[in-house]
């Protein structure tokens, strides 16, 4: 094991260098630009064998990734915000063709107004595109998730989107434990696709015209593949622990086993939430934290088991779902717990466009949850946190 000081973007580029993919097609957009720039330096310096394609747009980048993956290559890229939105059409194609592309997303708000800072509106907007979606809290998880994503994608035959918070993680230098090259290479293994456009001995069709007589069956197969990916994510997390000492599952719990009330968060906010939980515990409030790592496929059973003894829970959403009843994580979690639990679930939209989320904000949420758990009364199910 080697310890380095790196920001999230450089950690992604370093992991990509160690993986040494066949093709990387990319386009710069803040705050992920550093990752593609740094990886292009590795290419220019001959440190990888990767074919690097600098495209004219993000739509073109994903198009190139799709072609390279269909041809049998191990393919990676990264993007953020409007770049992800510009790929919209191609995201669905990559998933529907069951191509194991890995794309890091450094979460950033969507316009308008123009904003370059963090929220989750970009990846949440792509939540129904058929990509497995994993969220990391810090630089270490950004590195670890990317490595696991390669194995998850190729085992599930689905694309994977490892995400972390733009600027908060992408540009923050933290302590990073990196794997030895040989250990990592053995973990990801050599990529041997079942089908390839270049395999003339076993011809396959990619992306045919699909009318109503077969389209629905193909979509259901895609849905079934996503369901099976839950076990793959768990298995890969356990296998990764053997080589890194760091175990990963669909979620993680902090002081939840004896808690009466729970916070649910994903991304970098989990660290702030842990601090708030510790502070409120000293005041006699038994709060805990459920950190979601996997958002797609949504780990409904794991969430149910983790929250089954709670009296009240608050979902922290770093994106809004305009016109819906609450944010995207709230909608998923509330649906998962419907008729299986008596826990009251409320929602707080926070941190849009990079607005700070502080320990004091989350202590306020915990205090309100404590009141709900004691009275059973909810004044408002969906609120905005930190709005002036």
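So here's what we get for this one:
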{"read-out": "Looking only at segment 74-98, and only at residues there that are surrounded by fewer than 22 Cβ atoms within 10 Å (Cβ to Cβ) and without any contact (Cβ under 8 Å) to a residue 60 or more places away in the chain, the one that is nearest to residue 198 (Cα to Cα)", "value": "90"}
{"read-out": "Residues satisfying the stated conditions in segment 68-89, i.e. over 22 Å from residue 155 (Cβ atoms) and not in a strand (DSSP E or B)", "value": "80, 81, 82, 83, 84, 85, 86, 87, 88, 89"}
{"read-out": "Test: residue 198 is closer than 30 Å to residue 14 by Cβ and more than 24 Å from the chain's Cα centre (by Cα)", "value": "yes"}
{"read-out": "Of all residues making up segment 125-139, the number that are closer than 18 Å to residue 98 by Cβ and either in the same structural domain as residue 274 (by TED's automatic domain parsing) or assigned to a loop (DSSP other than H, G, I, E, B) (or both)", "value": "5"}
{"read-out": "Residue within segment 310-328 that is within 20 Å of residue 126 (Cα to Cα), touching a strand residue (DSSP E or B) at 6+ places or on another chain (Cβ under 9 Å), in a helix (DSSP H, G or I) and outside the structural domain of residue 226 (by TED's automatic domain parsing) present", "value": "yes"}
{"read-out": "Members of segment 249-278 that are touching a helix residue (DSSP H, G or I) at 6+ places or on another chain (Cβ under 6 Å) and more than 26 Å from residue 342 (Cβ to Cβ)", "value": "272, 275"}
{"read-out": "Test result for residue 251, touching a strand residue (DSSP E or B) at 6+ places or on another chain (Cβ under 9 Å) and over 21 Å from residue 372 (Cα atoms)", "value": "yes"}
{"read-out": "Qualifying residue in segment 93-111 (condition: under 25 Å from residue 244 (Cβ atoms) and either outside the structural domain of residue 172 (by TED's automatic domain parsing) or in a helix (DSSP H, G or I) (or both))", "value": "no"}
{"read-out": "Count of segment 7-55 residues which are buried (at least 24 other Cβ atoms within 10 Å of the Cβ) and either at pLDDT below 95 or in a strand (DSSP E or B) (or both)", "value": "3"}
{"read-out": "Every pair of residues 6+ apart whose Cβ atoms lie under 9 Å, when the first sits in segment 152-173 and is in the same structural domain as residue 141 (by TED's automatic domain parsing) and crowded, with 24+ Cβ neighbours inside 10 Å while the second is modelled with pLDDT under 95 and part of a strand (DSSP E or B)", "value": "none"}
{"read-out": "Criterion violated by residue 357 - all others in (1) within 16 Å of residue 387 (Cβ to Cβ); (2) in contact with a helix residue (DSSP H, G or I) (Cβ under 6 Å, 6 or more places away or on another chain); (3) assigned to a helix (DSSP H, G or I) satisfied", "value": "(3)"}
{"read-out": "Flag if residue 325 is touching a residue at least 24 places away in the same chain (Cβ under 8 Å), within 18 Å of the chain's Cα centre (by Cα) and under 20 Å from residue 387 (Cβ atoms)", "value": "no"}
{"read-out": "Residues that are in a helix (DSSP H, G or I) and crowded, with 18+ Cβ neighbours inside 10 Å, drawn from segment 337-353", "value": "337, 352"}
{"read-out": "Tally of residues being out of contact with any helix residue (DSSP H, G or I) (no Cβ under 8 Å at 6 or more places or on another chain) and either assigned to a loop (DSSP other than H, G, I, E, B) or crowded, with 16+ Cβ neighbours inside 10 Å (or both) across segment 378-388", "value": "6"}
{"read-out": "Test: residue in segment 130-142 that is touching a helix residue (DSSP H, G or I) at 6+ places or on another chain (Cβ under 8 Å) and on the phi > 0 side of the Ramachandran plot", "value": "yes"}
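The values are calculated or read from the model by the stated rules, or taken from the named source; none is laboratory data. All of these numbers come straight from a predicted model, not from anything done at the bench. FYI the Cβ positions are ideal-geometry reconstructions off the backbone, even for glycines, and counts take in every protein chain you see.
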